[in-house]
Every structure is written in C-alpha cells, then in structure tokens.
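Working notes, structure below.
The values are calculated or read from the model by the stated rules, or taken from the named source; none is laboratory data. Source: prediction; values computed, not measured. Quick reminder, even Gly has a Cβ in these numbers, built from the backbone with ideal geometry, and neighbours come from all protein chains shown.
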Amino acid sequence: MILDLVSMLLIAAGLLFFVGAAVGLVRFPDFYTRMHAAGKGDTLSSLLVISGFALHEFKDFEGMDFILALKLLAICVFIMMTSPTSTHALIDAGYEDGIEPVIAPDAENVLGDPTSRQP
Amino acid sequence: MMYRAVTFSLLLAIWLVFSGIYDAFHIGLGILSCLFVTWISSDLLFDDRSLGFRARLGQAWRLGGYLAWLGWQLVLSNLHLLKLTLKPGAMAEVEPRITLYRTALKSDFEKFLLANSITLTPGTITIKILGDDFYIHSISKFAADGLDGQMERRIAAIFAPAGSGSPSPSAD
Amino acid sequence: MFETFSIIAGAILLLLMLPAFYRVVVGPTAIDRIVAVNVIGTKTAVLLVFIGVIFGRVEMFVDFALAYGMLNFIGSLAAARYLHRVRPFYGKGGQLAEAEATPTERP
C-alpha cells in the first residue's frame, strides 16, 4: 500500500515535469531554447514515470516481478544515455541547417553566424 | 582476456534479463550467441586495456556516485525549467547566449560524459564539440556563469585514482 | 485503485501530446517539427507502459516500449544526419577543417 502511494507520487511528479516540457515547447522563443525544454524535461519525466511503475511492479517480491522491474530499469538507463545524445544531434543539425539563434543584446555569438560558414 | 570475460558477462546478464525463459535450451542459446558476439566485437567496448580489474571496479563505483549527483542536477534543472515556463513574467529572464568552454579532458568517453552532463545541468546545452572546445548554448547569463570547472574536476576525479599523481589516464 | 490512477494519468499524458502536436503543425522550420515528433515518441513509449498496466500485461508491453524507444532514438539520429549540411567527421577529435573540406550539397 505504501509502495503504491510512493509510486503514484513518482508518476504524478513525472507528469508535472511533462507539463513543464510541453508548455516550454510552445512558449520558448526560438529553436535552441525549445531544445532546452525538449531535452531536459523529457529525460527526467520519463525516468520518474518508469521508475514509479518499476516500484509498483516490484511490490510482490516474486521472481518474475523482479525481472520485470529490471527490464523497466533497463529502459531508464537507456533513456538516460540516449536522450542527451539525440538532443546534441538535433541541435547540431539545426545549427548546421542555418537556424539563426536569438542572442541577448549584451552577449556575442562566439560560434559565428551559421549562414556565414557556407562551404 | 579479463576484458573479454567482462564483456561476455555483461552480454549474458542482458540476455538473462530480456529473455525471461529459464530452461537449459534457452540459456544454452544465450551462452552460444554471447560467445559469438564477444568473439567478433571484443575490442569495441574498452579502448585502453592497461588497467587492472580492481582499478576498473573503483572507476565503476565512482561513476555510480557521479551519476547519483547528476540525477540531483537533473531535478534542479527541471525545476528551473518549470519556473521559467509556468511562472508569469519569468519568460523575461530568458537571455540566450552562446559561450565557449575549453576542457582539459582527453579521452573520448570523458568528453562524452562531460557533454551529456552539461546538457543535463540547469540552463545549458552543448551545441558542438570541436577538439577541446565545447560550444555551449545557455539560457541566461546566470546559467552561463554557473558553468565553472567543478563538473570537469568531478569527471577527472572519477578516472584518476586519488593517490597516484598521474595527471590524466585515458579511460574507456 | 492503481488502475484508475493509471487511466487518468494516461489520459493526461495523451492530452500533453497536444502542445507538441501544435509545434508539429505550425513549427517554423523542419527541425522544429522533428524535435516535436521526437518528444511525442518519448511520450508514446511511456504511454505503452501505462497501457500495459491497464490491461494487466506489463511483461508484454515493456518490450514494445523498449523497442519503440530505440526506434525513436535511431529515427531522430537519422533525421539529424539528413539535415546536416556538412558531412560529420567521424573520427578521433573531430576537426572543423576536415569536416568542411568535404562539403555535401543540401538535399
């Protein structure tokens, strides 16, 4: 029972962070800042929801449930490794595709204008 | 030889978790296919083979501690994101900028770990890695200033044994 | 009780796909749309676990979720590779000079 409550709490927290990611995906001004929302929000919220389910499946302490919880934790490890990697790949592709970043007026773009590096 | 045994046992553990059928026939199939994959791809997983088993075990232990710290940073980063998106008026704090960060880490695995950690900490994302230069997109000036050398020192402390004075041993 | 909670949470998760779908429809550039599709794919992989809990067949749907997550990752990598203007340099270090020495036409 108490494990059920803890797993519900984890899933609810994951849904809250999913809300943050989804609203950020709509409200942020340009592509790069949207990648912040997509890359970070999805990683943590998927981790929280899936580990909540792993806790729920683990509650009987039987053999097959243990294997099931291990599978869910394997999904967690997989997401933790691949989500930042695909974020890098997509943001690098967006930069090379020539999307202009919005830069604050008191800063300079050290990477250079993407369209000026036309080969 | 030791690295082949480690690769084989990792593969077999993954087989046992994902197969879910435990009779002699299926476990035998698993052992055969893991032996085959170990034979054809044993040089993929670890680059540097000079370290012993105990040193590798220590590295894995410290890597686990680092991942726990990284999970806490991920929670902080999501709270920051939630504050930016849902609090009214907080969108004015968004002043994106691109900064350059030069690292002293050498091996590819350390750079991969540093780039992923920068992406998961609050307000910063790695755009590009060219040699030793990391180009970082950060969401405000505060987030850009938070990127000091602390994370890099933590990563260097994982792969360098604390006692010996060797500056940067190359890792996986 | 946990099943009811799972159904409600799954419905909320389904509703949360709508903002990402908005970004798919109106996104100014192609890569914005790809990022939004990637976000929807992550949500779908999580939603498959929800469906497994509701139907009581988690051990089957977990494999679906894992395969979907892997396909989502590989799909986003392929899309990023397609939109890259210069050919990425796959080697030690990755120098810019070598990457720019072999430009490819934009598709």
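Consider A:G98 against the criteria (1) in a helix (DSSP H, G or I); (2) of a type outside the set (D, E); (3) at the interface with chain C (Cβ under 8 Å from one of its Cβ atoms); (4) touching a Ser or Thr at 6+ places or on another chain (Cβ under 6 Å): it satisfies all of them except one. Which criterion is unmet?
A:G98 satisfies all of (1) in a helix (DSSP H, G or I); (2) of a type outside the set (D, E); (3) at the interface with chain C (Cβ under 8 Å from one of its Cβ atoms); (4) touching a Ser or Thr at 6+ places or on another chain (Cβ under 6 Å) except (1).
Using beta carbons and a limit of 8 Å, which pairs, at least six apart or on different chains, have the first residue in the stretch B:100-112 and assigned by TED's automatic domain parsing to the domain that holds B:D133 and the second one hydrophobic (A, V, I, L, M, F, W, C) and in a strand (DSSP E or B)?
Pairs that qualify, where the first residue is assigned by TED's automatic domain parsing to the domain that holds B:D133 and the partner is hydrophobic (A, V, I, L, M, F, W, C) and in a strand (DSSP E or B), are B:L100/B:F134; B:L100/B:I136; B:Y101/B:F134; B:Y101/B:I136; B:R102/B:F134; B:T103/B:F134; B:K111/B:I129.
Just checking, does the stretch A:24-33 include any residue being over 23 Å from B:L84 (Cβ atoms), part of a helix (DSSP H, G or I) and more than 8 Å from chain B (Cβ to nearest Cβ)?
Within the stretch A:24-33, none of the residues are over 23 Å from B:L84 (Cβ atoms), part of a helix (DSSP H, G or I) and more than 8 Å from chain B (Cβ to nearest Cβ).
Restrict the check to the stretch B:21-39 and report whether at least one residue is surrounded by 14 or more Cβ atoms within 10 Å (Cβ to Cβ) and farther than 26 Å from B:Y3 by Cα.
No: zero hits.
I'd like to verify a number: residues in the stretch A:67-95 that are at the interface with chain C (Cβ under 8 Å from one of its Cβ atoms) and not β-branched (V, I, T), how many?
Within the stretch A:67-95, residues that are at the interface with chain C (Cβ under 8 Å from one of its Cβ atoms) and not β-branched (V, I, T) number 12.
Those residues that are closer than 29 Å to A:D97 by Cα, within 9 Å of chain A (Cβ to nearest Cβ) and without any contact (Cβ under 8 Å) to a residue 24 or more places away in the chain, I need them from the stretch C:1-26; list them, please.
C:L18, C:P19, C:A20, C:Y22, C:R23
Evaluate the stretch B:93-103: report whether one residue or more is under 17 Å from the mean Cα position of the chain (by Cα), modelled with pLDDT under 85 and more than 10 Å from chain A (Cβ to nearest Cβ).
yes
Considering only residues that are assigned to a helix (DSSP H, G or I) and among the aliphatic types (A, V, I, L, M), which ones fall in the stretch B:87-128?
Matches in the stretch B:87-128: B:A90, B:M91, B:A92, B:L113, B:L114, B:A115, B:I118, B:L120.
What are the residues in the stretch B:152-172 that are hydrophobic (A, V, I, L, M, F, W, C), surrounded by fewer than 21 Cβ atoms within 10 Å (Cβ to Cβ) and either at pLDDT below 75 or within 30 Å of B:A90 (Cβ to Cβ) (or both), if any?
B:A160, B:A162
Take B:G89 and tell me if it is within 30 Å of A:D42 (Cα to Cα), in the same structural domain as B:T124 (by TED's automatic domain parsing) and not acidic (D, E).
Yes.
Inspect the stretch A:43-60 for any residue being farther than 20 Å from B:V75 by Cα, of a type in the set (K, R) and in contact (Cβ under 8 Å) with a residue 40 or more places away in the chain and give the result as yes or no.
Looking for residues that are farther than 20 Å from B:V75 by Cα, of a type in the set (K, R) and in contact (Cβ under 8 Å) with a residue 40 or more places away in the chain, one finds at least one in the stretch A:43-60, hence yes.
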